[in-house]
Each structure stands twice: as C-alpha cells, then as structure tokens.
1. At a 10 angstrom cut-off on C-beta neighbours, averaged per residue, how do the peptides 147-159, 79-91 rank from highest to lowest?
2. Please list the non-local residues whose amide H lies under 5 Å from the amide H of residue 51, H modeled 1.01 Å from N, same-chain partners needing a gap of 5 or more.
3. Between residue 86 and residue 157, what length in nm is gained on full extension when 0.36 nm per residue of separation is reduced by their alpha carbon distance?
4. So, in nm, how far is label residue 138 from label residue 69 when the simple model puts each one 7 Å beyond its Cα toward the Cβ?
Amino acid sequence: MRVLRALTVTAAACAAIGLSVPFASANQNPGGQGGNGGPSNISVNPYAVHQGSTMQVSAAGCGHGGTVTSHGNFPPANLSAGTIGFANVRIFNHASPGHHTLSVRCNDSSLVATHRFTILQGNPSQGGIGGSFGPSAAETAIGAGLVGVAALGAGAHVVRRRRPLRSRA
C-alpha cells in the first residue's frame, strides 16, 4: 500500500512538472514590457463561439496594452496592459458563421500576430432569465393545494397525539 501511495505521489509530481514546462517557456519576453517581440501566445476562450456571444482573447508581449480586431466579426477591443493582456469581445449577431482570423497589435510595436477562431450559427443560451418570471396560475393553485394538505396532515397528527386532560392531573 505504501508503494502504491509513493508511486501516485511521484506520478502527480511528474505530471505537474511536465504541465508547467509550456507555461515556463511561453513567456518570450521576460521583462513583460512588450515592444520588440510584439504579441505572442495568443489564445481565445472559447475557440468556437455563437453569434452574439462573448469571447475572451489573451496575448503575451504587450506590456503597454494593445488592440484586438477582426473585421466584420466584432468591434475593435482594447487589450489590457501587463505581462498577459486580456480583452473581452462580443461577436456581432450578423457575423457570418465559419472560421475567422483575429489580429492583435501591441501599442508599443508595429508587429501584428493573428489567431483563428470559429463562429457558430445561432443564438447563445439566455442564462439567468428563469428567475425573472413568476409562477403561473396553475403552479400557484398546485402550491396552495400542497400547503393545504400539509396543514391538514399536521392538524390530524396533533389531534391524534394530544392526551386527554383527565390524565394530566
């Protein structure tokens, strides 16, 4: 049992080190100021996005921020400053479905990097709307009936469990 536990811990440690190597080598500009190397390591989340939904774009190497563009798919968005910059973009409702390319340009560099993403046809889900509607008349009647039945059951239970007054003396 100890050998199995030791092997499990060793495997987990090796996996953690192996998974951290791409992150350690991903930063091409250790100073984090951007400029010379331009944008790098661009990623989008999610890769496939519905018309009208939002997508997050991140890029390294733009220490002073930048701009994310994709003509006809979303309006230009500002990339935040820092070692890794982020921008949230909203895909146009009328954007054409298919594979598209976005461009990232740092404020302190003329270099441009591109990344592909996919626009899916259809509207996104309307999350969070369920709590804004009240119950229908049928649901209210069913709820009132259940509360009434529970009250009758509680009353019957109290009447059956009540002791006669003569025995308390």
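Rule-based calculations on the coordinates, nothing more; no lab input. These numbers were taken from a predicted model, which means no experiment stands behind them. Don't worry about glycine lacking a Cβ; one is built from the backbone with ideal geometry, like all the others, and counts go over all protein chains shown.
1. Numbers: 147-159: 9.8, 79-91: 18.2.
In decreasing order of mean packing, 147-159, 79-91 become 79-91, 147-159.
2. Amide H neighbours of residue 51: 120, 122.
3. Numbers: separation 71, 0.36 × 71 = 25.56 nm, distance 6.25 nm.
Full extension from residue 86 to residue 157 adds 19.3 nm.
4. 5.5
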